[in-house]
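One structure is given here, and the rest of the page talks about it.
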Amino acid sequence: MTPTTVGVLGMAAMLLLMFARMPIGLAMALVGAIGIAVLNSPAAALNSLGSFPYSHAAVQAFAVIPLFVLMGNFAAVSGMGRDLYAAAYAWMGHRRGGLASATILACAGFAALSGSSVASAVTMGRVCLPEMRRYSYDPRLATGVIAAGGTLGILIPPSTVMVVYALLTEQSIGRLLLAGFLPGLLLTTLFVLTVMFLCTLRPNLGPPGPALSLAERMRALWGAGPFIVVVAATIGGIYAGVFTVNEAAAVGALLTMVHALWRRTLGLTQLTDALLQTVRTTAMVFLILIGAHIFSPFLAMSRIPSDLAGLLVDYKLGAMTVLAILLVAYVVMGMFLEGFAMMVLTVPIVLPIISALGIDPIWFGIFMVIVLEMGLISPPVGINVFVVKGIAEDVPMGRIFAGIMPFWFAMLACVLLLTAFPEIVMVVPNTMMGR
Amino acid sequence: MFDRVLRLLALGGGVVLLGLMGLVAFDVVMRYVLRIPFLGAYEMTELAMALIVFLGLPYCAATGGHVAVDVFGPVLDRPGFKWLNVLLPLAGSALTAAMAWESVKYALDSRARGEATNMLKIDLVPFQLVAATSMALFAAVLLVQAWKALRR
C-alpha cells in the first residue's frame, strides 16, 4: 500500500469511529498509532503511545488553558455577568431592541472573561433571557441574540479554542489571542447593528424598556468596575508585555476569585464545582491535544497534506478561491461536527495549504474561529442552540434557528470584511509590546 | 465507589490548580516588586500541569466530558447497534491500557536515565507514574462503559 492509500484509509476510519461516538481524542490516538505502525514501525507507534501523554501535558506554556478556564468559571459564579448586563442595560435598554443589544454587549464582556462559547451562552442566557421575557421580547430575537452573543466567547480573548489552535500550529498564544480582539469588537458591532436593523423593520420584536437617570446609569457602570480591572489586567497585561500569557491567566483567575469571595458568592460548594468543572474541561482539551499529536505525524507521513498543498499551488487556484472553498467546506462541516473536532481534524491538512498560499496562520486562525462559531449556531447540531433551548424550554427549536439566521449572516459579513481587510486582525498583534 | 474515587482525584487536581494559580501570581509579585525571579516556578508549573491533566482525565471520561460527535445518536441507540456500543469502548479500553503500559515503560526508562528537573532536581518518575495510573483508570472507566452497554 502506498502512504497515500494508508492515509485515506486512516481518515475514513477516523470519520467512522467519530460518527460512532468514540471520543475524538481516543479515535485520533487509535488511528494515528495504527497508521504510524503501518507507515513507520510498531515500535515507533508504541513509543508515541507511552511518551506523548506525559510529554504533551507536562508543558509550562500549557498552564494558560486550565488557568483561563478557571477564570471563566469563577467569573460565572461571581455575578460579574449580571453586573455587566446591568451596565449595558442602563445605557442601551431604553432604545428599541435595547435589551437585545445589551445582551450582545454583556455577552461580549463576558467573553473577555471566559474562553468558552457554551459557558458564555449559559451564563448570560440565565441573566438576560428572563429580562427580555419580562419586556415581552419576541422569543426568536431573545433566543437568537443569546446563541449568537455566546459565540463571541471563543473569538474575544481569552479563548480555549484559539489556545489549542496556537498549540497545534506552533503560533504564539499571546499574538493569536490579541488578534481576536478587534474582530471580536467588529462582530459585536455587527450583531448590535443586526438587532437595531431587525427592530426598526419590526418594532414589536423588541420594545424599548424604561429610561434610567444619569445617576442610575453611572452607578450601573461603576458596578462593572471589577470587570474592567480584570480585563485590563489580563488582555491589557498581555498587550503591554507586562505579563506572559500564563501570568495574565493566573492573575485573572486570582482577581475573579477574590471578587467572588468579596461578593460572597463563592462558598465551598461553588469552589468545588468550579474546580471540578475546570479540571474536567482541561482533561477534555488535553485528551484531544494528545490524540492530535499522535494523529498528525501519521497524516504527515502519508504525505496527503503536502501533496494536496502542492496540487493547489500547481493549479494556481489563488488564495481567495481556496479560502472560498474552505469557507463553504467549514460551513457545511459545521452543521454536523463540533467545533473542536473540526479544528483538530482539519488543521493538519489545511495548514500546509495555507502556508503554501502565503496566508498568515494567525489571520487564518481568526477566520477559522469565526467560521467555527457559525457552525455553533447552525442546524441541525449547533451546540449553542441546544444550550439556549435548555434555558428557554418552551421555545421550539425551529423558532430559535429562525431567530439566529440574521446573526449568522452578520458573521458571514464579518468573515468577508476580515478577508477584504486583513489588517483588522493583524494590527493589534503587530503593535504588541514585549514578545 | 469507583466514581467517588475518580471525583476525589479530580478534586485533587483542582487543588493543585489553585496552588498553580497562587504560584504563578506569587512569581509575578516576586519579579515586579522584589525583583527576585523565582527560579523553580517554570518546572513546578510543568509538574503541576501533569498532575492537573492526569488527575482529571478518568473523571472526565466517567462523567462523559470527552468530546464526541453525537449526530447519529438516535440511530446508534437502537438495539441493532448494541454490538457497536460495546465494541468501541472495548477498543478504547485496549488503547488506553496500552498507553498505560507504555507509559510505565517510559517512566522506567526515565528512572534508568535518572531524569529530574533542572533547578530543583525533582524526580520525574512519580509524575510519569501518575500519568500511567491515569491511563489505566481511563481504561477501567471504558471497560465499565462497555459492560453497561452490554447490560442495556
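The values are calculated or read from the model by the stated rules, or taken from the named source; none is laboratory data. Predicted model, so just to flag it, every value in this text is computed and none were measured. Here the Cβ positions follow ideal geometry from the backbone for every residue, glycine too, while neighbour counts run over all protein chains shown. SASA here: full protein model, heavy atoms, side chains in, ligands and nucleic acids out. Shrake-Rupley method; radii C 1.70, N 1.55, O 1.52, S 1.80 Å.
Is it true that A:LEU261 is open to solvent by 40 Å² or more (accessible area, probe 1.4 Å) and either closer than 21 Å to A:GLU373 by Cβ or in contact with a Lys or Arg (Cβ under 8 Å, 6 or more places away or on another chain) (or both)? Before the answer, list the steps.
Details: open to solvent by 40 Å² or more (accessible area, probe 1.4 Å): yes; either closer than 21 Å to A:GLU373 by Cβ or in contact with a Lys or Arg (Cβ under 8 Å, 6 or more places away or on another chain) (or both): no.
In short, no.
Any chance region A:349-359 includes a residue that's within 19 Å of the chain's Cα centre (by Cα) and farther than 29 Å from A:PHE286 by Cβ?
No, the conditions are met nowhere in region A:349-359.
With aliphatic (A, V, I, L, M), under 16 Å from B:MET135 (Cα atoms) and surrounded by fewer than 23 Cβ atoms within 10 Å (Cβ to Cβ) as the only criterion, which of B:VAL33, B:VAL104 stands out? Before the answer, list the steps.
Numbers: B:VAL33 fails: under 16 Å from B:MET135 (Cα atoms).
The unique qualifying residue is B:VAL104.
Please go through region B:1-14 and give me each residue that is among the small types (Gly, Ala, Ser) and more than 7 Å from chain A (Cβ to nearest Cβ), ordered by number. Before the answer, list the steps.
Of the residues in region B:1-14, the ones among the small types (Gly, Ala, Ser) are B:10, B:12-14.
B:GLY12, the sole residue that qualifies.
Being open to solvent by less than 70 Å² (accessible area, probe 1.4 Å), facing another protein chain (nearest Cβ under 7 Å) and more than 13 Å from the chain's Cα centre (by Cα) is true for just one of B:LEU17, B:LEU23. Which residue is that?
Being open to solvent by less than 70 Å² (accessible area, probe 1.4 Å), facing another protein chain (nearest Cβ under 7 Å) and more than 13 Å from the chain's Cα centre (by Cα) holds for just one of B:LEU17, B:LEU23, which is B:LEU17.
A:ASN73: crowded, with 24+ Cβ neighbours inside 10 Å and of a type in the set (S, T, N, Q), yes or no?
Values: crowded, with 24+ Cβ neighbours inside 10 Å: yes; of a type in the set (S, T, N, Q): yes.
It is true that A:ASN73 is crowded, with 24+ Cβ neighbours inside 10 Å and of a type in the set (S, T, N, Q).
Which residue, of A:VAL344, A:VAL428, A:VAL415, is open to solvent by 20 Å² or more (accessible area, probe 1.4 Å), part of a helix (DSSP H, G or I) and either farther than 22 Å from A:PHE286 by Cα or at pLDDT below 90 (or both)? First the steps, then the outcome.
On the way: A:VAL344 fails: open to solvent by 20 Å² or more (accessible area, probe 1.4 Å); A:VAL415 fails: open to solvent by 20 Å² or more (accessible area, probe 1.4 Å).
Just a single option satisfies the conditions, and that option is A:VAL428.
Quick check on region A:379-402: of everything there that is within 19 Å of the chain's Cα centre (by Cα) and open to solvent by less than 10 Å² (accessible area, probe 1.4 Å), which residue is nearest to the other protein chains (Cβ to nearest Cβ)?
Per the stated criteria, the residue is A:GLY382.
Got at least one residue in region A:281-297 being open to solvent by 30 Å² or more (accessible area, probe 1.4 Å), closer than 17 Å to B:MET21 by Cα and either touching a Lys or Arg at 6+ places or on another chain (Cβ under 9 Å) or in a helix (DSSP H, G or I) (or both)?
yes
Considering region B:79-105 alone, what residues qualify as being at the interface with chain A (Cβ under 9 Å from one of its Cβ atoms), modelled with pLDDT under 95 and over 20 Å from B:PRO58 (Cα atoms)?
Passing the criteria: B:PHE81, B:LEU84.
Given the conditions (1) outside any helix (DSSP H, G or I); (2) more than 8 Å from every other protein chain (Cβ to nearest Cβ); (3) in contact with a helix residue (DSSP H, G or I) (Cβ under 6 Å, 6 or more places away or on another chain), and given that B:LEU34 satisfies all but one, which numbered condition is not satisfied?
Status for B:LEU34: all satisfied but (3).
So for region A:266-273 (the condition being facing chain B (nearest Cβ under 9 Å) and under 27 Å from B:GLY14 (Cα atoms)), does at least one residue qualify? Steps first, answer last, please.
Within region A:266-273, the first condition is being facing chain B (nearest Cβ under 9 Å), and the residues that meet it are A:271-272.
Remaining after also requiring under 27 Å from B:GLY14 (Cα atoms): A:271-272.
Yes.
Tell me, which residue of region A:212-268 that is out of contact with any Gly (no Cβ under 8 Å at 6 or more places or on another chain) and not in a helix (DSSP H, G or I) is farthest from A:VAL69 (Cα to Cα)?
Taking the candidates together, the pick is A:SER213.
For region A:320-332, does any single residue satisfy the condition of being of a type outside the set (Asp, Glu), under 18 Å from A:LEU167 (Cα atoms) and either within 14 Å of chain B (Cβ to nearest Cβ) or buried (at least 16 other Cβ atoms within 10 Å of the Cβ) (or both)? Talk me through it step by step, then tell me what you get.
Narrowing region A:320-332 to residues of a type outside the set (Asp, Glu): A:320-332.
With under 18 Å from A:LEU167 (Cα atoms) added as a condition, the list becomes none.
No: region A:320-332 contains no residue that is of a type outside the set (Asp, Glu), under 18 Å from A:LEU167 (Cα atoms) and either within 14 Å of chain B (Cβ to nearest Cβ) or buried (at least 16 other Cβ atoms within 10 Å of the Cβ) (or both).
Could we say that A:THR269 is open to solvent by 50 Å² or more (accessible area, probe 1.4 Å) and β-branched (Val, Ile, Thr) here? I'd like the intermediate steps shown before the answer.
On the way: open to solvent by 50 Å² or more (accessible area, probe 1.4 Å): yes; β-branched (Val, Ile, Thr): yes.
Yes.
Among the listed residues A:ALA57, A:ALA43, which satisfies the condition of being open to solvent by less than 50 Å² (accessible area, probe 1.4 Å) and not β-branched (Val, Ile, Thr)? Explain how you work it out, then say what you get.
Values: A:ALA43 fails: open to solvent by less than 50 Å² (accessible area, probe 1.4 Å).
Sole residue among the options that is open to solvent by less than 50 Å² (accessible area, probe 1.4 Å) and not β-branched (Val, Ile, Thr): A:ALA57.
For region B:115-143, which residues satisfy the criterion of being in a helix (DSSP H, G or I) and out of contact with any helix residue (DSSP H, G or I) (no Cβ under 7 Å at 6 or more places or on another chain)? Talk me through it step by step, then tell me what you get.
Going residue by residue through region B:115-143, those that are in a helix (DSSP H, G or I) are B:125-143.
Those that are in a helix (DSSP H, G or I) and out of contact with any helix residue (DSSP H, G or I) (no Cβ under 7 Å at 6 or more places or on another chain): B:PRO126, B:THR133, B:ALA140.
Which count do you get for residues in region B:67-78 that are of a type in the set (Asp, Glu) and either more than 7 Å from every other protein chain (Cβ to nearest Cβ) or over 18 Å from A:ILE288 (Cβ atoms) (or both)?
Quick first cut of region B:67-78, residues of a type in the set (Asp, Glu) only: B:70, B:77.
Those left that are additionally either more than 7 Å from every other protein chain (Cβ to nearest Cβ) or over 18 Å from A:ILE288 (Cβ atoms) (or both): B:77.
Within region B:67-78, residues that are of a type in the set (Asp, Glu) and either more than 7 Å from every other protein chain (Cβ to nearest Cβ) or over 18 Å from A:ILE288 (Cβ atoms) (or both) number 1.
List the pairs whose first member sits in region A:194-208 and is more than 16 Å from A:ILE104 (Cβ to Cβ), whose second member is exposed (fewer than 12 other Cβ atoms within 10 Å of the Cβ), and whose Cβ atoms are under 7 Å apart, counting only residues at least 6 apart or on separate chains?
A:PRO207/A:SER136
Which residues, counting only those in region A:20-35, are in contact with a Leu (Cβ under 9 Å, 6 or more places away or on another chain) and either away from chain B (no Cβ under 11 Å) or part of a helix (DSSP H, G or I) (or both)? Step through it out loud before you land on a result.
Our first condition is that a residue be in contact with a Leu (Cβ under 9 Å, 6 or more places away or on another chain); within region A:20-35, this holds for A:20-33, A:35.
Within region A:20-35, A:ILE24, A:GLY25, A:LEU26, A:ALA27, A:MET28, A:ALA29, A:LEU30, A:VAL31, A:GLY32, A:ALA33, A:GLY35 qualify.
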